[in-house]
């Protein structure tokens, strides 16, 4: 099949057809690869509905990039679609669905060491070549201590993988291999666009995927990436995560039902733009992790998330929150995490946001501001409670919190007080 695709690419000029006939003369006359490739269905250039079909289209684009257009239908995803520089992955709307396959897991029975490319597992029956894997144990179980890879071969009960393991994992310390993985991965790339498609995470049938290494859409070590008009549903992990990036835009999208964060920028992701999204029923709506700086979050709705609508913290400075609605989140609307002065999110501004009806019972805050952030401004926000027993306090400031500038905000309905300092 690989040889047939190569012949087609060399002979097709600006179109891509699996019915192209091999003509030796064409190899001399036409050497351009197509800039547009369609995937999915009888009329498409590549007819399959799998991640392999999409990847074939991405890999068939010329070095200068191009567009992969997905037709309506359900695409089975057993390993993430990997997008390279200057590539646009465009669906046909919500009817284009990338769905994670059912999960499988096994203990590994021989220690999996740093730099190895194989895993000896207890049960191999649910794994297959081309499938994603995630490796962890009780000691190395989160964030940058988790290894991810793809299976390249299976011999007896040994999985061979395409990436070196990044830690020493011990079988005696609850070492596991799962087939958890992202649906779309952008890594070490620039000028990428993802739009007009849906991701179905199949949460109830998959293991948790760590949010620093993956998500429904994962963007790692990349520049100038736009996610537009995408829906991420029920992913066992995070909806969209971007780590060590610059100039990432997420707009016009809906993220819901994810086990952890709906949106998770971090690990140094300046110049982030998040606008006009709906983020609900996740653990936290928006979690600004470390060093999300010089960024804008505007005109979004963060509601019904289990813990916080928005959480900001470690060096997340010079961020503007404008015209967002933050409502009915479980613990509070907006949380400033407790950081010391040198690591707090300085120069954070909230302007014209609506923050209402957050919290439940004894724990209900519009804003809870801890740490020692400098130059935090709340201006012209509507901070209110219209439902009994939810948002009891408008703004709560921790014991060591630097005074916040409160300018022309409107408060109403708070039974415990509009603005409270913990030392009062």
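Checking each residue in the stretch 42-51 for being assigned to a loop (DSSP other than H, G, I, E, B) and within 16 Å of residue 99 (Cβ to Cβ) picks out 48, 49. Annotation: residue 138 fulfils all but one of (1) surrounded by fewer than 18 Cβ atoms within 10 Å (Cβ to Cβ); (2) part of a loop (DSSP other than H, G, I, E, B); (3) in contact (Cβ under 8 Å) with a residue 40 or more places away in the chain; the unmet one is (3).
Quick one: in the stretch 177-192, which of the residues that are part of a strand (DSSP E or B) and surrounded by 20 or more Cβ atoms within 10 Å (Cβ to Cβ) is farthest from the chain's Cα centre (by Cα)?
177
Each residue in the stretch 52-64 was checked for being crowded, with 19+ Cβ neighbours inside 10 Å and part of a loop (DSSP other than H, G, I, E, B), and 1 pass. Screening residue 257 against (1) touching a residue at least 40 places away in the same chain (Cβ under 8 Å); (2) crowded, with 22+ Cβ neighbours inside 10 Å; (3) within 24 Å of residue 72 (Cα to Cα) leaves a single unmet condition, (2). The single residue among 331, 388, 372, 352 that is surrounded by fewer than 24 Cβ atoms within 10 Å (Cβ to Cβ), touching a helix residue (DSSP H, G or I) at 6+ places or on another chain (Cβ under 7 Å) and either within 16 Å of residue 310 (Cα to Cα) or at pLDDT below 95 (or both) turns out to be 372.
Can you pull out the residues in the stretch 232-251 that are over 16 Å from residue 81 (Cα atoms) and in contact with a strand residue (DSSP E or B) (Cβ under 6 Å, 6 or more places away or on another chain)? Residues satisfying the conditions are 233, 238, 243, 245, 246, 247, 248, 249, 250, 251. When the criteria are applied in full, residue 39 meets the requirement of being in contact with a helix residue (DSSP H, G or I) (Cβ under 9 Å, 6 or more places away or on another chain) and either modelled with pLDDT of 95 or more or not assigned by TED's automatic domain parsing to the domain that holds residue 258 (or both). Quick check: is even one residue across the stretch 337-346 in a strand (DSSP E or B), crowded, with 21+ Cβ neighbours inside 10 Å, touching a strand residue (DSSP E or B) at 6+ places or on another chain (Cβ under 9 Å) and touching a residue at least 24 places away in the same chain (Cβ under 8 Å)? Looking for residues that are in a strand (DSSP E or B), crowded, with 21+ Cβ neighbours inside 10 Å, touching a strand residue (DSSP E or B) at 6+ places or on another chain (Cβ under 9 Å) and touching a residue at least 24 places away in the same chain (Cβ under 8 Å), one finds none in the stretch 337-346, hence no.
Looking only at residues in the stretch 355-365 that are farther than 20 Å from residue 313 by Cα and at pLDDT 95 or above, the one that is surrounded by the most Cβ atoms within 10 Å (Cβ to Cβ) is 356.
Given the criteria in contact with a helix residue (DSSP H, G or I) (Cβ under 6 Å, 6 or more places away or on another chain), farther than 30 Å from residue 255 by Cβ and either surrounded by fewer than 17 Cβ atoms within 10 Å (Cβ to Cβ) or at pLDDT 95 or above (or both), does residue 26 qualify? For residue 26, the condition - in contact with a helix residue (DSSP H, G or I) (Cβ under 6 Å, 6 or more places away or on another chain), farther than 30 Å from residue 255 by Cβ and either surrounded by fewer than 17 Cβ atoms within 10 Å (Cβ to Cβ) or at pLDDT 95 or above (or both) - is met.
Meeting the requirement of 3 or more residues that are surrounded by fewer than 19 Cβ atoms within 10 Å (Cβ to Cβ), the strands (runs of 3 or more DSSP E) wholly within the stretch 65-127 are 73-77.
Checked against (1) at pLDDT 95 or above; (2) surrounded by 16 or more Cβ atoms within 10 Å (Cβ to Cβ), residue 412 passes all but a single condition, namely (2). Among residues belonging to the stretch 208-226 that are surrounded by 22 or more Cβ atoms within 10 Å (Cβ to Cβ) and closer than 17 Å to residue 275 by Cβ, point out the one that is nearest to the chain's Cα centre (by Cα). The selected residue is 217.
The values are calculated or read from the model by the stated rules, or taken from the named source; none is laboratory data. Note that the structure is a prediction, hence the values are computed from the model and not measured. Here the Cβ is made from the backbone with ideal geometry for all residues, glycine too, and neighbour counts use every protein chain on show.
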